[in-house]
Amino acid sequence: NAGVTQTPKFQVLKTGQSMTLQCAQDMNHEYMSWYRQDPGMGLRLIHYSVGAGITDQGEVPNGYNVSRSTTEDFPLRLLSAAPSQTSVYFCASSYRRGHGYTFGSGTRLTVV
Amino acid sequence: GIQVEQSPPDLILQEGANSTLRCNFSDSVNNLQWFHQNPWGQLINLFYIPSGTKQNGRLSATTVATERYSLLYISSSQTTDSGVYFCAVESMNYGGSQGNLIFGKGTKLSVKP
């Protein structure tokens, strides 16, 4: 039982490049979400999904896209990376609304 | 949206000391959780506690929902307790929340040997 798996763990991008951060869970959780963590800011919600085919915006969605084609996977796409997107990104899942969050180990992204 | 404030922002303790971390929130909540982020960045769920009191070993938490605050108690602290403690809430009155947790900025705890 791997829980929530995020890849890659580290990534350096040049401004304007695109990439996808992967998140997969094997717990059959319906709810998944992406957060970014910046120094002194806590965790801020980017996008979330309450089930396959359903996604919605969180607090800081600009510059990011998501899709949820399966229950297991919830990738986060950066279409044109900017230095302001330098951050640590966390994916989380839970079995039902508001309960039992499990976080992945994070992806540290640097945009130069 | 709901505001979550944690205090103190930083706390330094000697090993063996006790501490209390506070979380204030600005609206009624369906859900409140405490997390510990260890020095390696991993986030661990400590408590799900929208109201009442729970205990897990040396850690306990109390939420007084009517007064909109929660407390996390750490007794006989150990160096492994170091890290950042986050409070996160789900607003009862924000219709689009869909179970989303809103995080405070955290309390950074350093336990010295």
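The values are calculated or read from the model by the stated rules, or taken from the named source; none is laboratory data. Values in this document were obtained by computation on a predicted structure and should not be read as measured data. Methodologically, a virtual Cβ is constructed for each residue, glycine included, from the backbone with ideal geometry; neighbour enumeration extends over all protein chains shown.
Of note:
- Of the residues in the stretch B:72-86, at least one is surrounded by 13 or more Cβ atoms within 10 Å (Cβ to Cβ), within 14 Å of chain A (Cβ to nearest Cβ), at positive phi and in contact (Cβ under 8 Å) with a residue 40 or more places away in the chain.
- Looking only at the stretch B:63-90, and only at residues there that are more than 10 Å from the chain's Cα centre (by Cα), among the aliphatic types (A, V, I, L, M) and at pLDDT 95 or above, the one that is nearest to residue B:47 (Cα to Cα): B:74
- Tabulated pairs, the stretch B:42-53, first more than 7 Å from chain A (Cβ to nearest Cβ), second among the acidic types (Asp, Glu), C-beta under 9 angstrom, 6+ apart or interchain: B:50/B:90
- Look at (1) in a strand (DSSP E or B); (2) in contact with a helix residue (DSSP H, G or I) (Cβ under 8 Å, 6 or more places away or on another chain) and you find that residue B:54 fails only one, number (2).
- Number of residues in the stretch A:1-44 that are under 14 Å from residue A:85 (Cα atoms) and surrounded by fewer than 21 Cβ atoms within 10 Å (Cβ to Cβ): the value is 15.
- Residue list for the stretch A:1-47, restricted to those being touching a residue at least 60 places away in the same chain (Cβ under 8 Å) and β-branched (Val, Ile, Thr): A:4, A:5, A:7, A:12, A:15
- Evaluation of residue B:44 against the conditions (1) at pLDDT below 95; (2) part of a loop (DSSP other than H, G, I, E, B) shows that the sole unmet condition is (2).
- Of the residues making up the stretch B:57-96, those that are among the aliphatic types (A, V, I, L, M) and part of a loop (DSSP other than H, G, I, E, B) number 1.
- Failed criterion for residue A:109 (all others in (1) surrounded by fewer than 15 Cβ atoms within 10 Å (Cβ to Cβ); (2) under 18 Å from residue B:40 (Cβ atoms); (3) away from chain B (no Cβ under 12 Å) hold): (1)
- The listed residue being of a type in the set (Val, Ile, Thr), surrounded by 15 or more Cβ atoms within 10 Å (Cβ to Cβ), more than 11 Å from chain B (Cβ to nearest Cβ) and in contact (Cβ under 8 Å) with a residue 12 or more places away in the chain, out of A:50, A:66: A:66
- At least 3 residues being touching an Asp or Glu at 6+ places or on another chain (Cβ under 7 Å) and closer than 10 Å to residue A:31 by Cβ is the threshold, and among the strands (runs of 3 or more DSSP E) wholly inside the stretch A:45-108 not one reaches it.
- Residue B:49 vs. criteria in contact with a strand residue (DSSP E or B) (Cβ under 9 Å, 6 or more places away or on another chain), closer than 20 Å to residue A:104 by Cβ, of a type outside the set (Asp, Glu) and modelled with pLDDT under 95: no
- Evaluation of residue B:93 against (1) at pLDDT below 95; (2) at positive phi; (3) not β-branched (Val, Ile, Thr) (one fails), failing number: (2)
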